[in-house]
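Undergrad: Following this message is one structure expressed as structure tokens.
The values are calculated or read from the model by the stated rules, or taken from the named source; none is laboratory data. Remember, predicted model here, so these are calculated numbers, not experimental data. Please note: Cβ atoms are built from the backbone with ideal geometry, for glycine as well, and neighbour counts cover all protein chains shown. The accessibility values were calculated without ligands, DNA or RNA, using every heavy atom of the protein model including side chains. Shrake-Rupley method; radii C 1.70, N 1.55, O 1.52, S 1.80 Å.
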Amino acid sequence: MGVRRLFALLGYQWQILFNKQLLACVVLLLLLPSMVSFQAIDLFQAARVTECYFSLVGLILIGTISLPESGADFAELLRSRPINSAQILSLRFGGDLVLLVLLTTGWAVFLHQFNLALSITVYIVAGLAAAFFWGAISAVLGILTQNAAIGFLAVVLAYLYIVFGMSRRLAYYPLTLLVEPNKIKFSTLSVLGISCGALLLALFWACLRDNGKFN
């Protein structure tokens, strides 16, 4: 992919997708103080807020990378400089990953101001794990079925059931169990690694499909 085509596609992605996704994530973040008090927030409260917030962020950013695009500008870009779906998915994933890292870093620094015992490193890694846990499932289903709506809606329904339907006594999230004071558990890194690996394999499969290996 040429440099000019890369920047043209990235510009389109930012204009049509990334800025809207980022806006949705920021709106959710601004709503949190109305639901949670951050004064002297303890470890468990911080973990629960982080898991809920970044689960939604993961669905918004990572879980939507296979959504179809439309628009005259994008159609013209495809006609003039052919781009396959694997390249588009990879660019979206890269852009969303940058946004996700920035959001998790800012969030971890924000939490640390209210309780110095909350490790910035722990909450960056844990936030990424929570985001990828849900986002990767949605993205992989969307890529494999070639229907983004199926993957996204299936994961949203599962998310709603887990949050509102399961017993609160059950440990159902990757984050509440995974975060301990000043420590990152192996399982946290496992969730992050498996989620990233599954998504990268799905992107590789999309590349093979575009090259005619799977029809």
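Undergrad: Of everything in segment 37-51, what is open to solvent by 10 Å² or more (accessible area, probe 1.4 Å), touching a residue at least 60 places away in the same chain (Cβ under 8 Å) and not in a helix (DSSP H, G or I)? Give them in sequence order.
TA: Of everything in segment 37-51, those that are open to solvent by 10 Å² or more (accessible area, probe 1.4 Å), touching a residue at least 60 places away in the same chain (Cβ under 8 Å) and not in a helix (DSSP H, G or I) turn out to be Phe38, Gln39, Ala40, Asp42.
Undergrad: Looking at this structure, is Phe164 hydrophobic (A, V, I, L, M, F, W, C), modelled with pLDDT under 85 and either farther than 26 Å from Ala40 by Cα or touching a helix residue (DSSP H, G or I) at 6+ places or on another chain (Cβ under 9 Å) (or both)?
TA: It is true that Phe164 is hydrophobic (A, V, I, L, M, F, W, C), modelled with pLDDT under 85 and either farther than 26 Å from Ala40 by Cα or touching a helix residue (DSSP H, G or I) at 6+ places or on another chain (Cβ under 9 Å) (or both).
Condition check ((1) at pLDDT below 85; (2) surrounded by 15 or more Cβ atoms within 10 Å (Cβ to Cβ); (3) not in a loop (DSSP other than H, G, I, E, B)) across all residues:
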residue	(1), (2), (3)
Leu144	yes, yes, yes
Gly151	yes, yes, yes
Ala171	yes, no, no
Val191	yes, yes, yes
Ser195	no, yes, yes
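Undergrad: In segment 23-36, which residues are open to solvent by 50 Å² or more (accessible area, probe 1.4 Å) and at pLDDT below 85?
TA: Across segment 23-36, the qualifying residues are Pro33, Ser34, Met35.
Undergrad: Within segment 56-67, is there a residue that is at pLDDT 85 or above, open to solvent by 50 Å² or more (accessible area, probe 1.4 Å), hydrophobic (A, V, I, L, M, F, W, C) and within 23 Å of Ile120 (Cα to Cα)?
TA: Yes, because at least one residue in segment 56-67 is at pLDDT 85 or above, open to solvent by 50 Å² or more (accessible area, probe 1.4 Å), hydrophobic (A, V, I, L, M, F, W, C) and within 23 Å of Ile120 (Cα to Cα).
Undergrad: Still on this structure, I have one more. With the requirement that a residue be open to solvent by 30 Å² or more (accessible area, probe 1.4 Å) and modelled with pLDDT under 65, what does segment 73-110 give you?
TA: Asp73, Ala75, Glu76, Leu78, Arg79, Ser80, Arg81, Pro82, listed by residue number.
Undergrad: I've got another one for you. All but one of (1) more than 22 Å from the chain's Cα centre (by Cα); (2) modelled with pLDDT under 75; (3) surrounded by 15 or more Cβ atoms within 10 Å (Cβ to Cβ) hold for Asn115; state the number of the condition that does not hold.
TA: The one condition Asn115 does not meet is (2).
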